[in-house]
Amino acid sequence: MWQVVNQKAIAHKTVFLRVNFDVPLARDTDLRSDYRIRAALPTIDYLVYHRAKIILATHLGEPKRFDKSLSTRHLVSILGRFIKARIFFAPKFDFLKLERSASELRPGEILLLENLRFNKGEINNDLLFAKSLASLSEVYINDDFGTAHRSHASIVGLSKFLPSFAGFLLAKEV
């Protein structure tokens with residue numbers, strides 16, 4: 001059983017936060033239900049309040065390849081309605097660029113990654129992909145109860161490389 005995230009674990013750290021924002025969208029940014037976003041807000045707000053640098057990762061749908069309609073880019077403006085923090089978007093899994101973007105984050109800022117499932121390494125739980133994701137941060141927090149049972153790189157793989165904690169939603173659900 002994982003420990004629930006605490007201030008000591010995240011103080012002055014870059015945090016990789018896995019959430020489930022597989023939300024129903026109509027016409028890109030027309031959100032049909034905000035339930036999953038609202039459910040993750042306590043953990044996100046806690047990290048922002050404690051000035052963590054946040055690498056935010058999720059999936060949308062079950063794409064087999066890049067699908068513009070399932071890009072997490074659509075979530076940037078939606079998240080801006082709920083989160084009082086600067087949110088940046090990383091459109092590709094180019095880890096040299098991602099590492100640079102992550103290092104440029106200021107405390108309390110968020111870097112939203114592109115849909116994890118656009119990378120085959122996610123679903124295959126590829127350890128190289130997981131290690132590359134882990135290289136972006138110092139702490140891993142899983143707040144995605146809906147896919148916690150899946151053997152994906154951002155669920156299982158990251159915990160092999162980083163100190164790992166449950167977010168408030170995952171702890172509540174368990």
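The values are calculated or read from the model by the stated rules, or taken from the named source; none is laboratory data. Predicted model, so just to flag it, every value in this text is computed and none were measured. Positions of Cβ are generated from backbone atoms using ideal geometry, with glycine treated the same way; all protein chains shown enter the neighbour counts. Only protein heavy atoms, including side chains, enter the accessible area calculation; ligands, DNA and RNA are left aside. Shrake-Rupley method; radii C 1.70, N 1.55, O 1.52, S 1.80 Å.
Out of region 48-73, which residues are over 20 Å from Asn124 (Cβ atoms), in a loop (DSSP other than H, G, I, E, B) and not hydrophobic (A, V, I, L, M, F, W, C)? Please lay out each step first, then the result.
So the first thing to find is which residues in region 48-73 are over 20 Å from Asn124 (Cβ atoms), and the list is 48-56, 68-69, 71, 73.
Now restrict to residues that are in a loop (DSSP other than H, G, I, E, B): 50-52, 71.
Selection gives His50, Arg51, Ser71.
Go through region 145-165 and count every residue that is free of Cβ contacts under 8 Å to residues at least 40 places away in the same chain and within 17 Å of Phe95 (Cα to Cα).
The total comes to 3.
Return only the number of the condition from (1) more than 15 Å from Ile44 (Cα to Cα); (2) in contact (Cβ under 8 Å) with a residue 24 or more places away in the chain; (3) polar (S, T, N, Q) that Asn142 does not satisfy.
Every condition holds for Asn142 apart from (1).
Name the single residue, out of those in region 40-62 being within 24 Å of Ala11 (Cα to Cα) and small (Gly, Ala, Ser), that is farthest from the chain's Cα centre (by Cα). Walk me through it before giving the result.
First, the residues of region 40-62 that are within 24 Å of Ala11 (Cα to Cα): 40-58.
If we keep only those that are small (Gly, Ala, Ser) as well, we get 40, 52, 57.
Details: Ala40: 10, Ala52: 13, Ala57: 2 Å.
Checked region 40-62; the qualifying residue farthest from the chain's Cα centre (by Cα) is Ala52.
Residues in region 40-55: is at least one modelled with pLDDT under 90 and either in contact with a strand residue (DSSP E or B) (Cβ under 8 Å, 6 or more places away or on another chain) or open to solvent by less than 60 Å² (accessible area, probe 1.4 Å) (or both)? Outline the logic, then answer.
Keep residues of region 40-55 that are modelled with pLDDT under 90, which gives none.
The answer is no, given that none of the residues of region 40-55 is modelled with pLDDT under 90 and either in contact with a strand residue (DSSP E or B) (Cβ under 8 Å, 6 or more places away or on another chain) or open to solvent by less than 60 Å² (accessible area, probe 1.4 Å) (or both).
If I filter region 84-130 down to residues being open to solvent by less than 60 Å² (accessible area, probe 1.4 Å) and of a type in the set (Gly, Ala, Ser), which single residue comes out as nearest to Ile37 (Cα to Cα)?
Among those residues, the one meeting the criterion is Ala85.
Exactly one of these conditions fails for Ser69: (1) at pLDDT 95 or above; (2) among the polar types (S, T, N, Q); (3) farther than 20 Å from Arg18 by Cβ. Give me its number.
All conditions pass for Ser69, except number (1).
One line per residue, one yes/no per condition, for (1) under 15 Å from the mean Cα position of the chain (by Cα); (2) within 23 Å of Ala166 (Cβ to Cβ):
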residue	(1), (2)
Asp34	no, yes
Arg38	yes, yes
Lys64	no, no
His74	yes, no
Leu79	yes, yes
Phe82	no, yes
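Sort through Leu133, Leu158, Leu60, Leu79 and tell me the only one that's buried (at least 17 other Cβ atoms within 10 Å of the Cβ) and in contact with an Asp or Glu (Cβ under 6 Å, 6 or more places away or on another chain).
On the way: Leu133 fails: in contact with an Asp or Glu (Cβ under 6 Å, 6 or more places away or on another chain); Leu158 fails: in contact with an Asp or Glu (Cβ under 6 Å, 6 or more places away or on another chain); Leu79 fails: in contact with an Asp or Glu (Cβ under 6 Å, 6 or more places away or on another chain).
Result: Leu60 is the single residue among Leu133, Leu158, Leu60, Leu79 that is buried (at least 17 other Cβ atoms within 10 Å of the Cβ) and in contact with an Asp or Glu (Cβ under 6 Å, 6 or more places away or on another chain).
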